[in-house]
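Working notes, structure below.
The values are calculated or read from the model by the stated rules, or taken from the named source; none is laboratory data. Owing to the predicted nature of the structure, the values given are computational and were not obtained by experimental measurement. Using ideal geometry, Cβ is built from the backbone for each residue, glycine included, and neighbour counts are taken over all protein chains shown.
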Amino acid sequence: MKHLKLLMIAFTLFIVGACGEKTDVVESGTYQGTISEVEADKSEIYVKTADDKLLELYFTETTTLTKDGATVPFSELAEGKKVEVEVKKEGNRLDPVSVKILE
Amino acid sequence: MPEGNFWRTEIWHPLSVHFPVALLLIATATLLVSFFIKTEIRKQWQNAAGGLLMVGCLSAWLSVYTGNLADGIVARKICDPTVLKDHQIAALTMAYLFTIASTLIVLSLFFQLKPKWKTGLYLLTLIFMLTGSGYLIYAGHTGASLVYQQGAGVNNHSVDCN
């Protein structure tokens with residue numbers, strides 16, 4: 001019974017881990033990181049920063065997306081690409097002001 | 001009266017989400033009660049719990065789908081999307097736990113098991129359902145917090161109702 005309990009706890013923790021990772025809230029500013037996930041249908045990206053923060057960014061109507069100074073479409077974003085994001089903190093919501101693709 | 005189309009994309013989530021809340025909690029309570037019944041009607045309680053669990057599980061995944069549709073709209077408007085993230089994680093965890101419980105119930109129906117094994121399988125199912133119920137209640141709490149504390153999905157209308 002003790003083994004069953006431990007198995008249940010481990011299994012539940014595994015499911016919780018598999019169901020999503022908590023995201024972080026940072027101050028307004030500019031951050032560099034790597035895209036860990038792109039949800040194109042929601043115009044949303046997850047960026048993992050160098051200090052291991054996970055930023056969840058929903059593009060707004062005013063968010064600019066550029067590469068080498070030129071505006072590029074959202075489809076240019078992909079998992080693993082390095083980006084520099086300028087975010088504005090509104091409450092605990094992070095609005096991306098600009099996203100630059102670095103590579 | 002406030003103008004605008006009522007059938008907005010984010011409306012489908014509150015319309016669908018109350019079915020799994022009711023069905024899965026009643027299913028869990030029904031299976032729990034069945035363990036305290038010693039007569040032959042125990043089987044009927046177990047069958048009732050199984051039926052509620054199956055329908056509840058389907059409605060849970062429907063709610064996950066409608067919640068995903070609402071997410072892209074609501075997350076851009078609310079002031080604390082971290083609550084939304086907690087809500088999503090709890091809801092998805094709950095859906096998986098009840099899916100496992102449903103699978104165990106189906107196994108008990110299709111395989112001829114010794115009474116001792118069958119009781120053990122129902123007990124394991126109940127543990128998954130109780131754990132799932134905990135996540136379901138937390139998902140409900142964070143969902144209510146999103147609506148009543150942050151106005152998620154609420155149509156913005158002017159104060160003077162013009």
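When we screen A:VAL99, A:VAL72, A:VAL85 for residues that are away from chain B (no Cβ under 14 Å), surrounded by 13 or more Cβ atoms within 10 Å (Cβ to Cβ), of a type outside the set (S, T, N, Q) and closer than 16 Å to A:VAL25 by Cβ, the only hit is A:VAL85.
Assessment of segment B:122-143 against the conditions (outside any loop (DSSP other than H, G, I, E, B), more than 18 Å from B:ILE26 (Cα to Cα) and within 12 Å of chain A (Cβ to nearest Cβ)) yields no matching residue.
Looking at this structure, is A:LYS5 at pLDDT below 70 and either of a type in the set (D, E, K, R) or part of a loop (DSSP other than H, G, I, E, B) (or both)? So A:LYS5 fits the description; yes. In segment B:39-71, of all residues being out of contact with any Ser or Thr (no Cβ under 9 Å at 6 or more places or on another chain) and charged (D, E, K, R), the one that is surrounded by the fewest Cβ atoms within 10 Å (Cβ to Cβ) corresponds to B:GLU40. Looking at the structure I just gave you, is A:VAL38 over 17 Å from B:PRO81 (Cα atoms) and assigned to a strand (DSSP E or B)? Yes: the conditions hold for A:VAL38. Of everything listed in (1) surrounded by fewer than 22 Cβ atoms within 10 Å (Cβ to Cβ); (2) within 16 Å of B:VAL147 (Cα to Cα), the single unmet condition for B:ALA91 is (1). In segment B:31-45, the residues that are within 18 Å of B:ILE127 (Cα to Cα) reach residues that are not in a helix (DSSP H, G or I) with C-beta atoms within less than 7 angstrom, at least six apart or across chains, in these pairs: B:TRP45/B:ILE37. Here B:VAL83 passes the criteria (1) surrounded by fewer than 20 Cβ atoms within 10 Å (Cβ to Cβ); (2) in contact (Cβ under 8 Å) with a residue 60 or more places away in the chain; (3) outside any helix (DSSP H, G or I) except the one numbered (3). Among the residues of segment B:110-154, those that are among the aliphatic types (A, V, I, L, M) and under 14 Å from the mean Cα position of the chain (by Cα) comprise B:MET129, B:LEU130, B:LEU136, B:ILE137, B:ALA139, B:ALA144. Going by what's in this entry, would B:LYS85 be described as touching a strand residue (DSSP E or B) at 6+ places or on another chain (Cβ under 8 Å), within 13 Å of another protein chain (Cβ to nearest Cβ) and closer than 28 Å to A:VAL87 by Cα? The answer is yes for B:LYS85.
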